[in-house]
Each structure stands twice: as structure tokens, then as C-alpha cells.
Amino acid sequence: MISQSDTSIATIIKKEKLRQTTQLQMIPSENYASAAVRDAVGSILMNKYSEGQPNKRYYQGMKYVDELELLVEQRALDLFKLNPDEWHVNVQPYSGSPANAEILMALLKPKDKIMAMYLTDGGHISHGWSFKERPLSFASKFFTIEFYHVDQKTKVFDYDEIEKQAKKAKPNILISGGTAYPRDINHKKMGKIAHSVGAYYLADVSHEAGLVAANVNASPFKYADVVMMTTHKTLRGPRGAMIFARKILIEQIDKAVFPGLQGGPHNHTIAGIGIALSEAMKPEFKIYAKQIIKNAQTLALELKKRGYEIVSGGTDKHLVLIDLRNKDISGKIPARALEMANIICNFNTVPFDSAPPLYPSGLRLGTPAITTRGMKEKEMKKIAVWIDQVITETLEFKLPSDRKERSLFVKNAMKKLEKNKIIKQVAREVKQLTSKFLIP
Ligand SMILES: Cc1ncc(COP(=O)(O)O)c(C=O)c1O
């Protein structure tokens, strides 16, 4: 028991548990894994080394871990209704960023071209990103990156434009998926564009994995060559990832995972993934996934009614992106003020944001975790009112144009907001609400 063997760590866990219980966790990439998932991740499976693939290991004592990994692979294929003659899955990636690096290492040569969504439009850093000409991720250090954008007016993909750009750029791989794109992706069109220029199509459905599993977001499997997903977001498993690949590509992928970029698989995590997959097969999970979207759409609508600009006008998913440029404030101070009010979300860039990433113009909100707690449209309406009340209190704090003054300005603004009566009242009301909704 940690409480007896290490009181320092036990106390930190206890405090974090209280935080997760009493605040509204509205970061779209977070969720609450079930007690069964957590049991598996904390199990004796973590004691075993198992480099290699089931039945092809570099270690002895593999009887049960082989059985486990094969079972989890089968569940993954079953959940997404994949034919094992066409698809295979590797359940070993430690997380989404290593999984993407592994796919790129497997399919590309150094300097080959990746075409991916621009980061500040909502793309992910593991698909390539440089700042001031300095490559900041594995993908941009070793490959050539061509970014595509959302449409300037609608903030959704213009597939004709992406096609034109791909014809010109001739990428070796086209990647879809990101962290802040609120709309469903047309995988049929993306796959067609990729294949028309001889590129692979990688669908990174990390965010929407659970929504795809429940059939409430589009499935990429018919059109993609490789599909990557993290297991800890809408899929509600432990932190990890899975790479699904067409059979012809799997040998390269397996080799890139091990020995390419990883060592021993985290068998405890693989067991947790297996449990999450079987939970996602249950009818209740489909109801849960539908409710995630209903909640996000209600939140978007209620915020819109209160004068907030919602990127792309709404959402098809679990996330809502607010563009605060019409309020002339950065997302940073509202995100901090919302935290004071027990509402946890991200400050985030918005498409065509000219503000720097540390002081971006948006707020990103998600519904997977609060939906796991059982919250529905009624609670979303309340939350929208609270978010509006808190943001309204921050409107007077316009960031100074001199970048050097910003950090001190934010510090002083937060000092003032700490005493704000409305924010304190919202914090109390959030606590009351959260006390009625258990976490797993
Ligand atoms: C689209 C996408 N790909 C990859 C990742 C990376 O996952 P991880 O944080 O597990 O490395 C994320 C994480 O947010 C993501 O949203």
C-alpha cells in the first residue's frame, strides 16, 4: 500500500484525486479510465520484459504475455470490425507521439515529404513543426514538411484546395487528424487525394478513437493505409497507442516499433488497453459516445448564444474551440481564471492566429471526461453560463503589445482575479455540481 510505504507520493495522489473529483475536467484529450483499466495498469504485468512480437520474442517466460497481447490485438480488430486478412495491429506503442514517429520511420526515407495539418490550425506537433526555422519535432527534423490549412472563411477543410496542393507538393505521406479540429474528417476524400499522388494515407484518429469505435464519427479504415490512435482520450483506456496497418505494411511497422524506436512493451498498459477495448464494445459505450457529442454541441450552441465565436460554427465531436479575437483578449488569462473557478480547459491557438503559442487567441473545451461522470445537456447549459461569467470578468485584461511585459501583466491580472467575487461564486457552484457526479 502506498499510503504505508511512501506517504509523500500517497499524499500527492490523494490531492490529485480530489482535484479530479471537485473540478470540471474539460481538456478534450483527457478522460477517466475505469477502475478495471487502472487495476490492469497497476498489475504484476509490469514486471515482465517481452521484446519482440507474440510468439517471436527475445525473452523466455512469455506464455501468458503472448496470450495477452494476441487477445488485445484481436479485440482491437474486432472493435473496429477489421478483417484480419487485410489489417493488423501493433498495440505496443508507448503513446501517440512515438507511434507517429514509428509510422514515419517505417514508411519514409529521410527527407521524404509529409503533408499534414498546420499546427496552429489544429494539427499535432508529432506530424511536424518548426518554430523560427528550428525543427521542434522528430518529424520536422528528419523529413520535409508541407502544411495544409483549413479554409480561411469556414475554418473547415477545403478538400479541393488540399488536392491541388498535394498535386503540386507530391508528398510521400498525407496525414489527417489533429488536436483542435472540431469537424468530422472526410477520410474517403483524404485517401483518394493521397493515393492519386502515390502517397500513403495516415489517419491519426487519436482524439476521436472512441467516437469512431462507437460509429458516431467517420471510420477511416476503408480508405487509409495506416491508422494511429491513442488509447487514453475518447477511447477511455490507459495512456498508450495502437497502430493499425494494412497487412502489406505491418512488417515494416512492427520493426519500427521494435527495435526501431522502442524496447520492451509495457505489458501492464497493453492489458489496460484490452480492458478499455472490451468496455468500448458494450452498448453503453455507444450511448456514452453519442452523449459526448450532444454535450459538446450543446456547449457550443449555448456559448454562441452568449456572443462567443465558435471555430467552424460548431462541432461534430467532443471538442469546442472558442475564438476570443472578437473579445480582444488572449486565451491565457481566461484559462487561468477558469481554473480558479474549478473549470479546467486549455488556452489554444485558433486558425490563422497571429498571437504566439504561449498567448494564443483561443480556448479549447472538451466533453469526454464530464460525460463519463454522467453529465448531460442540462449541466452543459449551466457550464456555459459559468464560462461566460468567468470570461466576462477577464475582459478588462488586454495583453500589452510589448511581449516582455506580458508575463508580469498576467501575474498581476491573476492577483486581481483571485479576489473576484463572481469567480469565487462560480468555483463554489462548480464544486456543488461535481459533488453530485462521481468519477469512476
Ligand atoms: C492527433 C494526435 N496525435 C498524436 C498525439 C500524441 O499523443 P501522446 O500525447 O500520447 O504522445 C496527440 C495527443 O494529443 C494527438 O492529439
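The values are calculated or read from the model by the stated rules, or taken from the named source; none is laboratory data. No experiment lies behind these values; they were computed from the predicted model shown. Cβ placement follows ideal geometry from the backbone for every residue including glycine, while neighbour counts extend to all protein chains displayed.
Some points to look at:
- Qualifying residue in the stretch 238-245 (condition: within 16 Å of SER97 (Cβ to Cβ), away from the ligand (no atom under 12 Å from the Cβ) and either surrounded by fewer than 18 Cβ atoms within 10 Å (Cβ to Cβ) or modelled with pLDDT of 95 or more (or both)): no
- Considering the conditions (1) more than 16 Å from the chain's Cα centre (by Cα); (2) polar (S, T, N, Q); (3) crowded, with 24+ Cβ neighbours inside 10 Å, ASN215 is excluded by exactly one of them, (3).
- Of all residues in the stretch 1-25, those satisfying the criterion of being in contact with a helix residue (DSSP H, G or I) (Cβ under 7 Å, 6 or more places away or on another chain) and at pLDDT below 95 are ILE2, SER3.
Yes/no matrix, rows are residues, columns are (1) in contact (Cβ under 8 Å) with a residue 60 or more places away in the chain; (2) surrounded by 14 or more Cβ atoms within 10 Å (Cβ to Cβ):
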| residue | (1), (2) |
| --- | --- |
| ILE383 | yes, yes |
| GLN389 | no, yes |
| THR394 | yes, yes |
| LEU399 | yes, yes |
| GLU405 | no, no |
| LEU408 | no, no |
| ASN412 | no, no |
| GLU418 | yes, no |
| ILE422 | no, yes |
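- The listed residue being surrounded by fewer than 21 Cβ atoms within 10 Å (Cβ to Cβ) and within 20 Å of ALA169 (Cα to Cα), out of LYS109, LYS81, LYS132: LYS109
- The test for being closer than 22 Å to HIS124 by Cβ and not in a strand (DSSP E or B) does not hold for PHE347.
- Given (1) within 15 Å of the ligand (Cβ to nearest atom); (2) at pLDDT 95 or above; (3) crowded, with 24+ Cβ neighbours inside 10 Å, index of the condition ARG183 fails: (3)
- Scanning the stretch 95-140 for residues that are at pLDDT 95 or above and charged (D, E, K, R), we see that the one that is nearest to the ligand (Cβ to nearest atom) is GLU102.
- A count restricted to the stretch 366-415 and to residues that are outside any helix (DSSP H, G or I) and under 21 Å from ILE333 (Cα atoms) stands at 9.
- Residue check, ASP85 of a type outside the set (Ser, Thr, Tyr), more than 16 Å from the ligand (Cβ to nearest atom) and either free of Cβ contacts under 8 Å to residues at least 40 places away in the same chain or within 30 Å of GLY128 (Cα to Cα) (or both): no
- Candidates VAL72, VAL91, filtered to the one that is modelled with pLDDT of 95 or more, assigned by TED's automatic domain parsing to the domain that holds GLU146 and away from the ligand (no atom under 15 Å from the Cβ): VAL72
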